[in-house]
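These notes concern the structure reproduced below.
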DNA sequence: TCCTATTAGTATTGAGTCGATACCATTAGG
DNA sequence: CCTAATGGTATCGACTCAATACTAATAGGA
């Protein structure tokens with residue numbers, strides 16, 4: 001006996017359908033869905049996490065695929081690669097001015113606008129529920145959460161003024177603006 | 001000046017990431033994501049809506065693509081096609097016993113299980129918010145909602161006992177069990 | 001200091017999606 | 001009847017993505 005159309009099944013179906021809709025919508029401005037995701041990631045990730053390897057883990061793809069997409073974005077002049085001096089295997093990625101500008105026409109913005117009209121309470125419920133769903137599913141696959149720096153167990157709020165924050169894992173000072181960036185190494189604080 | 005990381009942006013990013021995760025997870029049992037969606041659709045759709053054309057509209061793809069996927073499913077013995085006698089252009093689709101059985105191993109079930117552990121209130125908030133998001137985005141693209149029969153403006157609850165329901169659009173009687181099925185023609189009742 | 005294992009990234013190949021187009025058969029509407 | 005319009009199929013090409021094999025740089029021992 002199956003439980004047809006349980007609330008949970010319905011929610012799962014909704015998420016899958018919306019995901020499909022977002023993905024077909026993301027064929028825009030000459031870019032493909034994965035390329036938009038890469039642009040968004042590079043816009044939100046902190047400086048330690050703007051590498052092909054981190055992006056690969058974020059997207060859950062293989063590195064070959066990601067390398068290809070990054071080449072396309074570089075050829076379009078949206079992303080720059082810079083060899084890391086401390087580790088010359090790795091390349092530091094960043095958005096060009098053109099890449100930044102293109103994000104203003106991100107096809108996801110229409111959806112963001114719709115979500116923006118929700119009241120605060122549904123917004124918070126959605127955020128909490130979707131976050132716990134994502135974290136749980138990622139955890140089951142042994143993948144990192146890519147949460148915000150400020151929610152990390154290595155995040156030290158040491159100097160309220162001056163040099164406000166510090167990463168205890170990488171041993172680096174963090175600017176105020178970096179606290180909200182997403183990080184490859186992020187390990188969520190225990191409650 | 002962009003509004004980085006607004007709550008709405010965060011929610012949109014979560015949905016897109018979960019969508020991507022579900023899609024990579026749906027490479028299972030020798031099927032592909034779109035094929036799983038087709039199986040689920042055929043399991044939930046009412047008898048008027050189990051056609052390639054309706055599935056095409058549901059998925060938002062082109063009919064060629066859907067035809068191909070259905071051929072694959074038919075070749076695997078998961079789906080049956082039957083020519084409609086009233087309109088011999090169209091074919092009626094249905095799951096075979098093997099197809100039904102395979103749905104028990106649907107990779108989406110893991111996610112359903114996680115969602116099932118939410119409390120009732122977050123579940124209802126999620127449902128409402130995601131439904132309105134989906135409806136709004138579908139509407140903007142001129143696509144049908146594919147809602148449940150019972151929420152349709154053509155749904156008549158005429159005979160509480162006996163032959164309980166009736167579709168005023170198609171002029172057909174509806175069994176009790178069909179009221180919760182999703183329908184191609186569904187047009188949501190105004191509030 | 002080697003020597004090996006690991007890691008970052010690239011290149012290539014092949015299966016498969018998806019959109020576009022063209023096409024056939026059936027039905028609907030003047 | 002004749003001409004759309006509709007349901008479905010077949011084929012082609014661009015592209016994704018996984019898999020594999022590869023190069024270069026680094027890390028960690030003995």
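The values are calculated or read from the model by the stated rules, or taken from the named source; none is laboratory data. Keep in mind that what you see is a predicted model, and the values were worked out from it rather than measured. Methodologically, a virtual Cβ is constructed for each residue, glycine included, from the backbone with ideal geometry; neighbour enumeration extends over all protein chains shown.
Determine whether residue A:127 is at pLDDT 90 or above, within 15 Å of the chain's Cα centre (by Cα), surrounded by 12 or more Cβ atoms within 10 Å (Cβ to Cβ) and not assigned by TED's automatic domain parsing to the domain that holds residue A:24.
yes
In the set B:61, B:39, which member is in contact (Cβ under 8 Å) with a residue 24 or more places away in the chain, within 13 Å of chain A (Cβ to nearest Cβ), over 21 Å from residue B:137 (Cα atoms) and surrounded by fewer than 21 Cβ atoms within 10 Å (Cβ to Cβ)?
B:39
Regarding residue A:42, is this residue assigned to a helix (DSSP H, G or I), away from DNA strand C (no atom under 11 Å from the Cβ), closer than 20 Å to residue A:112 by Cα and out of contact with any helix residue (DSSP H, G or I) (no Cβ under 7 Å at 6 or more places or on another chain)?
Taking the combined requirement at face value, the residue satisfies it.
Given the criterion surrounded by 15 or more Cβ atoms within 10 Å (Cβ to Cβ), more than 14 Å from every other protein chain (Cβ to nearest Cβ) and either within 20 Å of the chain's Cα centre (by Cα) or assigned to a helix (DSSP H, G or I) (or both), identify the matching residue among A:93, A:134.
A:93
Within segment B:77-118, count every residue that is away from DNA strand D (no atom under 15 Å from the Cβ) and touching a residue at least 40 places away in the same chain (Cβ under 8 Å).
Adding up the residues that qualify gives 10.
Which of the residues that make up segment B:45-58 are away from DNA strand C (no atom under 13 Å from the Cβ), in a helix (DSSP H, G or I) and buried (at least 21 other Cβ atoms within 10 Å of the Cβ)?
B:49, B:54
Kindly provide the set of residues from segment B:96-117 that are within 10 Å of another protein chain (Cβ to nearest Cβ) and either in contact with a helix residue (DSSP H, G or I) (Cβ under 6 Å, 6 or more places away or on another chain) or in a helix (DSSP H, G or I) (or both), ordered by number.
Of everything in segment B:96-117, those that are within 10 Å of another protein chain (Cβ to nearest Cβ) and either in contact with a helix residue (DSSP H, G or I) (Cβ under 6 Å, 6 or more places away or on another chain) or in a helix (DSSP H, G or I) (or both) turn out to be B:100, B:103, B:104, B:108, B:109, B:110, B:111, B:112, B:113, B:114, B:115, B:116.
Within segment B:14-35, how many residues are part of a helix (DSSP H, G or I) and more than 9 Å from every other protein chain (Cβ to nearest Cβ)? First the steps, then the outcome.
Restricting attention to segment B:14-35, the residues satisfying the condition of being part of a helix (DSSP H, G or I) are B:14-25, B:33-35.
If we keep only those that are more than 9 Å from every other protein chain (Cβ to nearest Cβ) too, we end up with B:35.
Count: 1.
Which residues, taken from segment A:97-115, are crowded, with 16+ Cβ neighbours inside 10 Å and either within 17 Å of residue B:131 (Cα to Cα) or touching a strand residue (DSSP E or B) at 6+ places or on another chain (Cβ under 7 Å) (or both)?
Listed by number, the residues that qualify are A:99, A:107, A:111, A:112, A:114, A:115.
Tell me, which residue of segment B:4-32 that is within 23 Å of residue B:104 (Cβ to Cβ) and surrounded by fewer than 19 Cβ atoms within 10 Å (Cβ to Cβ) is farthest from DNA strand C (Cβ to nearest atom)?
Residue satisfying both the conditions and the ranking: B:25.
May I ask you to verify whether residue B:71 is in contact with a strand residue (DSSP E or B) (Cβ under 7 Å, 6 or more places away or on another chain), more than 11 Å from every other protein chain (Cβ to nearest Cβ) and either closer than 18 Å to residue A:20 by Cα or within 11 Å of DNA strand D (Cβ to nearest atom) (or both)?
No; evaluated as a whole, the condition is false for this residue.
Out of curiosity, is residue B:143 out of contact with any strand residue (DSSP E or B) (no Cβ under 7 Å at 6 or more places or on another chain) and in a helix (DSSP H, G or I)?
Considered against the rule, which asks whether it is out of contact with any strand residue (DSSP E or B) (no Cβ under 7 Å at 6 or more places or on another chain) and in a helix (DSSP H, G or I), residue B:143 comes out as no.
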